[in-house]
1. I need the strands (runs of 3 or more DSSP E) fully contained in segment 245-320, keeping only those with at least 2 residues that are of a type in the set (Asp, Glu) and surrounded by fewer than 20 Cβ atoms within 10 Å (Cβ to Cβ).
2. Exactly one condition in (1) under 36 Å from the mean Cα position of the chain (by Cα); (2) more than 12 Å from the ligand (Cβ to nearest atom); (3) closer than 21 Å to PHE124 by Cβ is false for ASP199; which is it?
3. LEU164 - would you say it is surrounded by 12 or more Cβ atoms within 10 Å (Cβ to Cβ), of a type in the set (A, V, I, L, M, F, W, C) and over 25 Å from THR251 (Cβ atoms)?
4. Filtering segment 216-233 down to residues that are in contact with a strand residue (DSSP E or B) (Cβ under 8 Å, 6 or more places away or on another chain) and open to solvent by less than 50 Å² (accessible area, probe 1.4 Å), which residue is farthest from the ligand (Cβ to nearest atom)?
5. Could you list all residues from segment 294-315 that are more than 15 Å from ILE184 (Cα to Cα) and more than 15 Å from the ligand (Cβ to nearest atom)?
6. Being small (Gly, Ala, Ser) and either at pLDDT below 95 or touching a strand residue (DSSP E or B) at 6+ places or on another chain (Cβ under 9 Å) (or both) narrows it down to one of GLY45, GLY121, so name that one.
7. With the requirement that a residue be more than 9 Å from the ligand (Cβ to nearest atom), open to solvent by less than 80 Å² (accessible area, probe 1.4 Å) and assigned to a helix (DSSP H, G or I), what does segment 151-161 give you?
8. Restricting to segment 74-122, count the residues that are exposed (fewer than 10 other Cβ atoms within 10 Å of the Cβ) and of a type in the set (A, V, I, L, M, F, W, C).
Amino acid sequence: MKEMLEKIKAEAAAKLSEANADLEALRVQYLGKKGELTSVLRGMGQLSAEERPKIGQMANEVRAYIEQLIEEKSAANRAAALEKQLAAETVDVTLPTEPATVGSRHPLSLVQTELEDIFIGLGFEIVEGPEVEYDYYNFQALNIPENHPARDTQDTFYITDNILLRSQTSPVQVRTMEKKKPPIRIISPGRVYRSDAVDATHSPLFHQLEGLVVDKGITMGDLKGTLELFAKKMFGEDTRIRFRPHHFPFTEPSAEVDVSCFVCGGKGCSLCKGEGWIEILGAGMVHPNVLRGCGIDPDVYSGFAFGLGIERIVMRKYNIDDMRLLYENDVRFLKQFD
Ligand code: DAH
């Protein structure tokens, strides 16, 4: 029996030392219930009382020996597999990465930021207002009662009879004056809506920037001075401005304001269509009714307001002839700006 155990031990050791030994099969073969070692142990009953413990001990040693060999071999296999995997998955951290595609800022954002910077420099504060607005703020409080013809040019999208998508940023004037008492010096950029069909110069969604100044003793001279400074910063130091009389229900007097063409300087060219002037905004002195409606006494305070279309400035500045380009997200167009 002793010889048998030694034979098993030697044989198992030899098989386990083979490079691609099947460990599980060998475990079953030697140590399993029907394995070689177990069948040797089954014959122990025939041994003398004296021999039995010795053979028993030896059998245990052989079992422990084979178990250990299997465990070592298995650990070695795992280590080798890991080694192989690591070698296969090596990453060369010194390789250059794929360059990230960095987008560019949208021309509408570029111009809006430029406008904001100029007015912040003049001491204005930026405020925002809701795009979904009450009829009251968009029209009534701006001196545009129901059935007023000015509503026709500002037809918009209605959520209810009373709630609409704002057709102008002017309602922010009212919201500001309701909350804050003079001195007020704010601009308010944002989206506005009108139910216009899309074409080269119209879009149902576009952007405006509103301005409002209210204080004691504010005059049309302040409005002119502010807009002139703004025009020079925006379009160049040689820029001149021109006021043309106009009508807006929420300002009195009202004007449309042109800047001298920043391409030809006023001589007339294709950008200004031979006019020498380019219309950029509407403005005026805040109507007493509007001030009063916000709880500001028009006998004590006065103010000016202006509103400009951001698309219009973008299109003039970058010589873009079709407004749709600004909304179509064609990368070939957008990547020209930075
Ligand atoms: N809200 C006007 C529009 O959309 C533009 C405007 C004109 C704004 C005169 C003003 C202003 O603040 O004083 O046509």
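1. Working: elements: 251-260, 277-286, 302-309.
Of the strands (runs of 3 or more DSSP E) lying wholly inside segment 245-320, those with at least 2 residues that are of a type in the set (Asp, Glu) and surrounded by fewer than 20 Cβ atoms within 10 Å (Cβ to Cβ) span 251-260.
2. (3)
3. Spelling it out, it is not the case that LEU164 is surrounded by 12 or more Cβ atoms within 10 Å (Cβ to Cβ), of a type in the set (A, V, I, L, M, F, W, C) and over 25 Å from THR251 (Cβ atoms).
4. Filtering segment 216-233 for residues in contact with a strand residue (DSSP E or B) (Cβ under 8 Å, 6 or more places away or on another chain) gives 216-220, 222-224, 226-228, 231.
Now restrict to residues that are open to solvent by less than 50 Å² (accessible area, probe 1.4 Å): 218, 223, 226-227, 231.
Numbers: ILE218: 13, LEU223: 9, THR226: 12, LEU227: 11, ALA231: 16 Å.
Filtering first and then ranking leaves ALA231.
5. ASP299, VAL314, MET315
6. Values: GLY121 fails: either at pLDDT below 95 or touching a strand residue (DSSP E or B) at 6+ places or on another chain (Cβ under 9 Å) (or both).
Of GLY45, GLY121, the one residue that is small (Gly, Ala, Ser) and either at pLDDT below 95 or touching a strand residue (DSSP E or B) at 6+ places or on another chain (Cβ under 9 Å) (or both) is GLY45.
7. ARG151
8. 8
The values are calculated or read from the model by the stated rules, or taken from the named source; none is laboratory data. If you're wondering where the values come from, they're calculated on a predicted model, not measured in any experiment. Backbone-built Cβ (ideal geometry, glycine too); neighbour counts: all protein chains shown. Calculation scope for accessible area: heavy atoms of the full protein, side chains included, ligands and nucleic acids excluded. Shrake-Rupley method; radii C 1.70, N 1.55, O 1.52, S 1.80 Å.
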